[in-house]
C-alpha cells in the first residue's frame, strides 16, 4: 500500500506511488528515530532542514523532482513562488517551521498519509489537495487577490505543494498518525475561557517578549534574509484561518515562540498573547458563512458571529 498523489497529476501519481513504498510493520515505525528538529531549537538548528529535496540524490526522475522542489520553494517563500494566490506576505514556513520539520511547530512529515480525513470546519472528508487549497484561501488570504482566480485542487501551485508534502511522507505507513502530530496544542485542562483572557496582559507580554522579531506593530523585523510574517493587518492571514482561533494560535505561541527560546512562555501567557493578537484587525475571509455547517462554531473562533 502506498500514498497516492493527486488524481489528475498522471505521471506524478505513478512516480510518487513508487517513491513512497511503506516500511514493514508498525513495530519498525515505532522504533524509527524522530526525523524532526527538536522543539528546543538552538541558533545552530533554527534554520536547518533535515529533509531537503534540493539535495536528495534519489530524486532521479526529472519531472517528479521538479514538482517536489517547486513545492519546497513555494513552502519556504510563498509570496515569491505562489504570488497569484498570496494576498499578503505570509509563507507556509512562518507557521510550519524548518520547512514543516520542527517538532511542536505544526510538523508535516508523514502527515500526507492521513488524507483524506474529516474536517470539522468543512463538515466533510477532505483530500490533501483540498487542505492545501484551504491554506491558500485562509492563511495566505488568496481572496485578497480577487475572487476571479482562486486556487483549486488542480492548480499547479497546489499540486507542487502536494508533491513536497507527499515526499515528506516517504517510507511512512498510510493511515498511521505520526506520533509528533497534534502536539502543538494547549492541554484541555489548561485552557482559560476566552471571556476571561486578558488582552491587555497579552499585549504587555507581547511587548516584552515578542517585539525583537515581530516589531511593535506586529509586522515583523528584517533580520538578514529572514523576516517573520505579519501577525495582523492587511498582509496577515485572514479571519477564517486556523491561526485566527485563540486556542490554535496559543498552541503555536506556546511551543514555537520566542523563536530561539521556544517553550519559555507558560500555557496561560501564551493564551493571553493569542487573545491580544486575535483582537487585532486582519483581512476578512469572504466565505465564513459556509464554515461549521455541521455543528457549532468553536468558542475560540472569535472572528465568527456567535449566532448562525
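The values are calculated or read from the model by the stated rules, or taken from the named source; none is laboratory data. Predicted model, so just to flag it, every value in this text is computed and none were measured. Reconstructed Cβ throughout: ideal geometry from the backbone, glycine too, with neighbour counts over all protein chains shown.
Annotations for the structure displayed:
- Put simply, of 229, 218 the only residue that is under 24 Å from residue 133 (Cα atoms) and touching a residue at least 60 places away in the same chain (Cβ under 8 Å) is 229.
- Filter result (in contact with a helix residue (DSSP H, G or I) (Cβ under 8 Å, 6 or more places away or on another chain) and over 29 Å from residue 36 (Cβ atoms)) within region 173-199: 194, 197, 198, 199
- Residue match in region 112-121 (condition: under 30 Å from residue 260 (Cα atoms) and either in contact (Cβ under 8 Å) with a residue 24 or more places away in the chain or surrounded by 19 or more Cβ atoms within 10 Å (Cβ to Cβ) (or both)): yes
- Qualifying position, being out of contact with any strand residue (DSSP E or B) (no Cβ under 7 Å at 6 or more places or on another chain) and crowded, with 17+ Cβ neighbours inside 10 Å, among 263, 294, 229: 229
- Residue 157 being closer than 16 Å to residue 79 by Cα and part of a helix (DSSP H, G or I): yes
- Scanning region 136-150 for residues that are assigned to a loop (DSSP other than H, G, I, E, B), crowded, with 22+ Cβ neighbours inside 10 Å and touching a helix residue (DSSP H, G or I) at 6+ places or on another chain (Cβ under 8 Å) yields 139, 140.
- Any hit, region 168-177, residues being modelled with pLDDT of 95 or more and either within 17 Å of residue 89 (Cα to Cα) or not in a loop (DSSP other than H, G, I, E, B) (or both): no
- Scan of region 282-303 for residues that are free of Cβ contacts under 8 Å to residues at least 24 places away in the same chain and in a loop (DSSP other than H, G, I, E, B), ordered by number: 296, 297
- Top-ranked residue in region 51-68 [being surrounded by fewer than 14 Cβ atoms within 10 Å (Cβ to Cβ) and touching a residue at least 12 places away in the same chain (Cβ under 8 Å); ranked as farthest from residue 103 (Cα to Cα)]: 63
- Residue match in region 207-214 (condition: in contact with a strand residue (DSSP E or B) (Cβ under 8 Å, 6 or more places away or on another chain), assigned by TED's automatic domain parsing to the domain that holds residue 279, farther than 15 Å from residue 109 by Cβ and without any contact (Cβ under 8 Å) to a residue 60 or more places away in the chain): yes
- In region 255-281, of all residues being within 18 Å of the chain's Cα centre (by Cα) and not in a helix (DSSP H, G or I), the one that is modelled with the highest pLDDT corresponds to 278.
- Region 222-251, subset part of a loop (DSSP other than H, G, I, E, B) and over 23 Å from residue 144 (Cα atoms), residue farthest from the chain's Cα centre (by Cα): 224
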